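Have a look at the structure below before the remarks.
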Amino acid sequence: KAGTITLTAVWVAGLIVSEAALFMWHTSWGLPMLIGYLLYMLQIFYFVRHVGRFGKVMPVLHAVSGFFFLFVMLYSVYRVVFHGKVAWKGRHIKVGRRMDE
């Protein structure tokens, strides 16, 4: 399990880093990051063929879904750190404490 979680985290981190190519185009990292973006795009083309009908635009614009994912994750971290609770399906759930406290 830990290996799968680690590999998934590395994959997602690489996806997010490759999406930064759009902002770093005029630096020395621009071309390698663009190549990474294109490789992720090809991999996502392969994935979406087997899991549903997403069209051909979704893999090309995977940065949009990646930024949305990053926003949701950062907002969740904010809610946990500063509010100590999160909302899920209309319920507020306290986090960061043991259940028996």
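The values are calculated or read from the model by the stated rules, or taken from the named source; none is laboratory data. Not measured: the values here are computed from a predicted model. Cβ atoms come from the backbone with ideal geometry, glycine included; neighbour counts cover every protein chain shown. Calculation scope for accessible area: heavy atoms of the full protein, side chains included, ligands and nucleic acids excluded. Shrake-Rupley method; radii C 1.70, N 1.55, O 1.52, S 1.80 Å.
Looking at the structure I just gave you, is Pro59 at pLDDT below 80 and in a helix (DSSP H, G or I)?
yes
So, in segment 13-29, of the ones that are modelled with pLDDT under 85, touching a Phe, Trp or Tyr at 6+ places or on another chain (Cβ under 9 Å) and not hydroxyl-bearing (Ser, Thr, Tyr), which residue ends up surrounded by the fewest Cβ atoms within 10 Å (Cβ to Cβ)?
Only one residue tops the list, namely Leu22.
Being open to solvent by 50 Å² or more (accessible area, probe 1.4 Å), more than 19 Å from Ala20 (Cα to Cα) and either within 13 Å of the chain's Cα centre (by Cα) or free of Cβ contacts under 8 Å to residues at least 24 places away in the same chain (or both): is that true of Val77 here?
On the way: open to solvent by 50 Å² or more (accessible area, probe 1.4 Å): yes; more than 19 Å from Ala20 (Cα to Cα): yes; either within 13 Å of the chain's Cα centre (by Cα) or free of Cβ contacts under 8 Å to residues at least 24 places away in the same chain (or both): yes.
So Val77 fits the description; yes.
Pull up segment 45-66, narrow it to residues that are open to solvent by 60 Å² or more (accessible area, probe 1.4 Å) and aliphatic (A, V, I, L, M), then point me to the one that is farthest from Ser18 (Cα to Cα).
The selected residue is Val51.
Check Leu42 against each of (1) part of a helix (DSSP H, G or I); (2) modelled with pLDDT under 80; (3) open to solvent by 90 Å² or more (accessible area, probe 1.4 Å) and name the one condition it does not meet.
All conditions are met except number (2).
Filter segment 62-88 for residues that are among the polar types (S, T, N, Q) and either under 21 Å from Tyr46 (Cα atoms) or not in a helix (DSSP H, G or I) (or both) and give the result.
Ser65
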